[in-house]
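Novice: There's a structure below that I have some questions on.
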Amino acid sequence: MSGRRIGAVTFLVRDYDEAIAWFRDALSFRLSEDTPLGDGKRWVLVAPGADATPLLLAEASTDEQRARIGDQTGGRVGFFLHTDDFARDHARMTAAGVRFHEEPRHEAYGTVAVFEDLYGNLWDLIEQKASS
């Protein structure tokens, strides 16, 4: 192992507080950092767990950035949320108002369903099959 890892992934948002609330309430992410940087900018990190690569919530500040909110990957699934209990998380997320685009399906790699975040970016919720 090289000792390298991805430290964070930038995620464009319309508003810091709106995005923090959605990730916390809809996906049960935790806020690991919210540091003011001046001029209204903040360093905001959210993640599904302590050891997970966090999303760096970046409030869009230009027209070009605002145009990409909700379409950061050109309409493809761009984010993959792994779970150890698909049924539990699917039920909780549905109750929290998360919009799923399909019923859960069983693939060779596990159980999966596509959902969208508050801006329309597509995600997979995945429970991987145990290795034999």
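Novice: Condition first: within 15 Å of the chain's Cα centre (by Cα) and over 22 Å from residue 24 (Cβ atoms). Now tell me which residues in the range 86-104 satisfy that.
Specialist: Selection gives nothing.
Novice: Still on this model: Being part of a helix (DSSP H, G or I), modelled with pLDDT of 95 or more and open to solvent by 50 Å² or more (accessible area, probe 1.4 Å), is that true of even one residue in the range 93-115? Break it down into steps so the answer makes sense when it comes.
Specialist: From the range 93-115, those part of a helix (DSSP H, G or I) are 93-95; that's our starting set.
The next check asks that each one be modelled with pLDDT of 95 or more; those that pass are 93-95.
Next, only the ones that are open to solvent by 50 Å² or more (accessible area, probe 1.4 Å) stay: 94-95.
Within the range 93-115 (the criterion being part of a helix (DSSP H, G or I), modelled with pLDDT of 95 or more and open to solvent by 50 Å² or more (accessible area, probe 1.4 Å)), the answer is yes, since at least one residue qualifies.
Novice: Of all residues being hydrophobic (A, V, I, L, M, F, W, C) and more than 20 Å from residue 101 (Cβ to Cβ) in the range 49-85, which is farthest from the chain's Cα centre (by Cα)? Just the residue, please. Full working, then the answer.
Specialist: Taking the range 49-85 and keeping what is hydrophobic (A, V, I, L, M, F, W, C), we get 50, 52, 55-58, 60, 67, 69, 77, 79-81.
Applying the additional criterion that residues be more than 20 Å from residue 101 (Cβ to Cβ) yields 50, 52, 55-58, 60, 67.
On the way: 50: 15, 52: 11, 55: 7, 56: 10, 57: 10, 58: 13, 60: 17, 67: 19 Å.
Result: 67.
Novice: For the range 26-69, give me each residue that is more than 19 Å from residue 93 (Cβ to Cβ) and either of a type in the set (D, E, K, R) or touching a residue at least 60 places away in the same chain (Cβ under 8 Å) (or both).
Specialist: Selection gives 33, 34, 39, 41, 42, 51, 59, 63, 64, 66, 68.
Novice: Out of the residues in the range 74-92 that are modelled with pLDDT of 95 or more and in a loop (DSSP other than H, G, I, E, B), state the one that is least open to solvent (accessible area, probe 1.4 Å). I'd like the intermediate steps shown before the answer.
Specialist: Of the range 74-92, the ones modelled with pLDDT of 95 or more are 76-92.
With the extra rule that they be in a loop (DSSP other than H, G, I, E, B), the set shrinks to 76, 83-85.
Numbers: 76: 175, 83: 19, 84: 117, 85: 56 Å².
Per the stated criteria, the residue is 83.
The values are calculated or read from the model by the stated rules, or taken from the named source; none is laboratory data. Just so we're clear, the structure is a prediction, and the values are computed from it rather than from any experiment. Positions of Cβ are backbone-derived with ideal geometry, glycine not excepted, and every protein chain shown enters the neighbour counts. These area figures cover heavy atoms from the full protein model, side chains too; ligands, DNA and RNA do not enter into them. Shrake-Rupley method; radii C 1.70, N 1.55, O 1.52, S 1.80 Å.
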